[in-house]
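What follows is one structure encoded as structure tokens, with my remarks underneath.
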Amino acid sequence: MVEAEALVVALLAAAVVKLAQRRIPAAVFRAILAVGILVPFAALFYAMWLLWDEWIGWRELTLFLGLYVLTGFGITVGFHRFLTHRSFESGPVLRFLLLGLGSMANQGRCIDWAAHHLKHHVYSDREGDPHSPLDGLLHAYCGWILRGPPADRNRYCKRLLEDRVVVLADRLAPFWVLLGLLVPYAVAGWRGLLWGGLARIGFTNHAAFAVNSLGHTYGSQPFETGDRSRNNWFLALLSFGDGWHNNHHAFPAMASHGMTRRQFDPAGLAIRALARLGLVWNVKGAPAPYATERRLRLASPVRGNEAPP
Ligand SMILES: [Zn+2]
Ligand SMILES: [Zn+2]
């Protein structure tokens with residue numbers, strides 16, 4: 001009963017915020033929505049604390065974190081940096097594995113994911129961008145999934161449709177999602193399914209939604225990329241480095257999104273480790289001026305993809 005009331009209150013609050021969107025200052029509106037997006041993260045950990053030893057224990061927490069890390073790397077290293085931006089090359093087995101792990105995060109088929117994301121880069125924060133916060137932060141957060149038409153695979157991902165390994169991983173998407181639920185169930189029963197399956201999928205998706213919306217709203221913008229992309233350390237932590245989003249929009253093909261020592265980028269470090277093991281190659285670095293100085297401080301605002309002044 002309490003949950004039903006809370007849900008009604010939340011829906012009413014969302015409706016009021018939506019209606020008032022045009023009447024309150026933009027900064028206040030952004031702050032309200034940022035809180036709305038960040039609170040579920042805190043709520044999840046509070047629920048874990050409350051339910052400790054009753055509905056969750058170390059085994060479930062390990063499943064939750066372990067699968068969050070594995071499937072998160074599948075999204076950032078596999079879907080994003082490899083499949084969409086061709087930041088590196090790899091053999092068929094690792095390709096299939098990375099795309100399988102990403103598919104377990106339940107963010108749709110990998111080729112659709114790449115098509116949507118490439119469309120985002122083409123029209124970033126302009127007409128045609130599938131998830132720009134300029135169309136409303138709620139829309140950028142998750143509304144776009146329900147509203148927008150699917151991105152055209154043939155237009156954005158023609159090369160991927162010719163890769164048999166990628167097409168197979170794409171077709172097997174429902175199987176991967178099922179596997180991501182069955183594994184934690186096999187390890188820890190219903191509690192495993194709840195935390196290692198459902199809660200983990202919810203958390204991963206929430207982190208991705210936050211990058212799409214808050215990553216174009218809050219943070220620093222060292223590069224003039226012509227859009228609203230931002231570098232945000234909190235989002236970078238949640239998304240294994242994809243939160244260095246302004247760097248990424250400036251140099252989309254670059255394998256490491258963190259460009260200074262202080263910009264922690266686990267996915268970039270993983271790609272470098274895989275390269276050292278000989279499992280991936282042709283890893284794309286920063287453009288020459290940044291490659292030689294990338295460990296130094298970034299230059300003050302410069303236009304993306306051009307040499308610094
Ligand atoms: Zn973006
Ligand atoms: Zn991208």
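The values are calculated or read from the model by the stated rules, or taken from the named source; none is laboratory data. This one's a predicted model, so the numbers in the text were calculated from it and none came from an experiment. Cβ sites come from the backbone with ideal geometry, for glycine too, and all protein chains shown count toward neighbours.
Could you please let me know if residue 256 is free of Cβ contacts under 8 Å to residues at least 40 places away in the same chain and within 14 Å of ligand 2 (Cβ to nearest atom)?
So residue 256 passes the test.
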Checklist entry - Name the pairs whose Cβ atoms lie under 6 Å apart, with the first residue in the stretch 158-173 and in the same structural domain as residue 119 (by TED's automatic domain parsing), the second part of a loop (DSSP other than H, G, I, E, B) and modelled with pLDDT under 95, and 6 or more positions between them or separate chains? => result 170/109; 173/109
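One line per residue, one yes/no per condition, for (1) modelled with pLDDT under 95; (2) outside the structural domain of residue 202 (by TED's automatic domain parsing); (3) surrounded by 16 or more Cβ atoms within 10 Å (Cβ to Cβ); (4) closer than 18 Å to residue 117 by Cβ:
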| residue | (1), (2), (3), (4) |
| --- | --- |
| 226 | yes, no, no, yes |
| 229 | yes, no, yes, yes |
| 273 | no, no, no, no |
| 279 | no, no, no, no |
Checklist entry - Looking only at the stretch 84-96, which residues are farther than 14 Å from residue 171 by Cα, part of a helix (DSSP H, G or I) and over 14 Å from the mean Cα position of the chain (by Cα)? => result 92, 93, 94, 95
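Could you pull out every one of the helices (runs of 4 or more DSSP H) wholly within the stretch 97-172 that has 2 or more residues that are more than 26 Å from residue 225 (Cα to Cα)?
Details: elements: 110-122, 144-147, 153-156, 158-161, 164-171.
Answer list for the stretch 97-172: 144-147, 158-161, 164-171.
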Next on the checklist: Quick check on the stretch 162-190: of everything there that is closer than 25 Å to residue 44 by Cβ and among the aromatic types (Phe, Trp, Tyr), which residue is nearest to the chain's Cα centre (by Cα)?
Outcome noted: 176
Checklist entry - residue 211 passes all but one of (1) farther than 24 Å from residue 41 by Cα; (2) touching a helix residue (DSSP H, G or I) at 6+ places or on another chain (Cβ under 8 Å); (3) within 14 Å of ligand 2 (Cβ to nearest atom); which number fails? => result (1)
Next on the checklist: Please determine whether any residue of the stretch 191-207 is within 14 Å of ligand 2 (Cβ to nearest atom) and within 14 Å of the chain's Cα centre (by Cα).
Outcome noted: no
Checklist outcome for this item: Scanning the stretch 259-291 residue by residue, those within 16 Å of ligand 2 (Cβ to nearest atom) and assigned to a helix (DSSP H, G or I) turn out to be 267, 268, 271
